[in-house]
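A.B. asks: Please see the structure below; I have some questions.
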Amino acid sequence: MAEFKYEIVERIAVLSESSKGWTKELNLISWNGREAKYDIREWSPDNEKMGKGVTLTDEEVSQLKKALAGRDI
């Protein structure tokens, strides 16, 4: 498996925490030295392990924001 690098540029929010201490977070992350993107995924307490997640561009976050605006959540 190819090695990859990541840098958590900004921690935006912790969305939830499991009983084992893993947190679901919204962060800005730079993957392999590229421009940082919004990222939602679970992280171990030491941030050494991560679960599967979704990475979104600025435009995708904008579309998501529009889609959620006005919804009764």
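Values quoted throughout were computed directly from the atomic coordinates according to the rules given, and no laboratory measurement underlies them. Predicted, not measured: the structure shown is a model, and the values here were computed from it. Neighbour counts are summed over all protein chains in view; Cβ atoms, including those assigned to glycine, are modelled from backbone coordinates with ideal geometry.
A.B. asks: When only Cα pairs under 8 Å and 6 or more residues apart are kept, what is the percent relative contact order across the chain?
C.D. replies: Values: 115 pairs, mean separation 15.8, N = 73.
Once divided by the residue count of the chain, the mean separation gives 22 percent.
A.B. asks: Report the Cα centroid-to-centroid distance between the stretch 30-73 and the stretch 1-24 in angstrom, as an integer.
C.D. replies: The stretch 30-73 and the stretch 1-24 have Cα centres spaced 10 Å from each other.
A.B. asks: For T55, what is the net charge nearby, where nearby means another residue's Cβ is under 13 Å from its Cβ and Lys, Arg count +1, Asp, Glu -1? The partial results should precede the final answer.
C.D. replies: Working: positive: R34, K37, R41, K52; negative: E25, E35, D39, D58, E59, E60.
Every neighbour counted, the sum reads -2.
A.B. asks: So I have (1) 66; (2) 59; (3) 63, and one of them is percent of Cα pairs over 14 Å apart calculated from this model. Which one is it?
C.D. replies: (1)
A.B. asks: Turning to a different aspect of this structure: Loop only by DSSP, 10 or fewer other Cβ within 10 Å of the Cβ. Give me the GluC sites (Glu not before Pro) in the chain that pass, ordered by residue number. Let's see the in-between values first.
C.D. replies: On the way: sites: E3, E7, E10, E17, E25, E35, E42, E48, E59, E60; in loops: E3, E35, E48.
Taking the chain and a limit of 10 other Cβ atoms within 10 Å, the loop GluC sites (Glu not before Pro) found are E3, E35, E48.
A.B. asks: Add +1 for every Lys or Arg and -1 for every Asp or Glu among the other residues with Cβ under 13 Å from the Cβ of R11, and state the total. Let's see the in-between values first.
C.D. replies: On the way: positive: K24, R41; negative: E7, E10, E25, D39.
Residues close to R11 contribute a combined charge of -2.
A.B. asks: Set Lys and Arg Cβ to +1 and Asp and Glu Cβ to -1, take the dipole of the chain about its Cα centre, and tell me which of L26, I8, A67 lies farthest positive.
C.D. replies: A67
A.B. asks: Cut-off under 24 Å on the C-alpha distance; same-chain residues fewer than 8 positions from K52 excluded. Which lysines are left, in chain and number order?
C.D. replies: Straight-line reach from K52, under 24 Å: K5, K20, K24, K37, K65.
A.B. asks: Add +1 for every Lys or Arg and -1 for every Asp or Glu among the other residues with Cβ under 14 Å from the Cβ of A67, and state the total.
C.D. replies: On the way: positive: K65, K66, R71; negative: E59, E60, D72.
Surrounding charge for A67 is 0.
A.B. asks: Give a quick list of trypsin sites (Lys or Arg not before Pro) in the stretch 1-68 that DSSP marks as loop, anything other than H, G, I, E or B, with at most 16 other Cβ atoms within 10 Å. Please report the intermediate quantities before stating the final value.
C.D. replies: Numbers: sites: K5, R11, K20, K24, R34, K37, R41, K49, K52, K65, K66; in loops: K5, K20, R34, K49.
Counting only loop positions with at most 16 other Cβ atoms within 10 Å, the trypsin sites (Lys or Arg not before Pro) in the stretch 1-68 are K5, K20, R34, K49.
A.B. asks: In debye, nearest 20: dipole of the chain around its Cα centre with unit charges on the Cβ of K, R (+) and D, E (-)? Please list the in-between numbers first.
C.D. replies: Working: 12 positive and 14 negative charges, 42 e Å.
Once rounded to the nearest 20, the dipole reads 200 debye.
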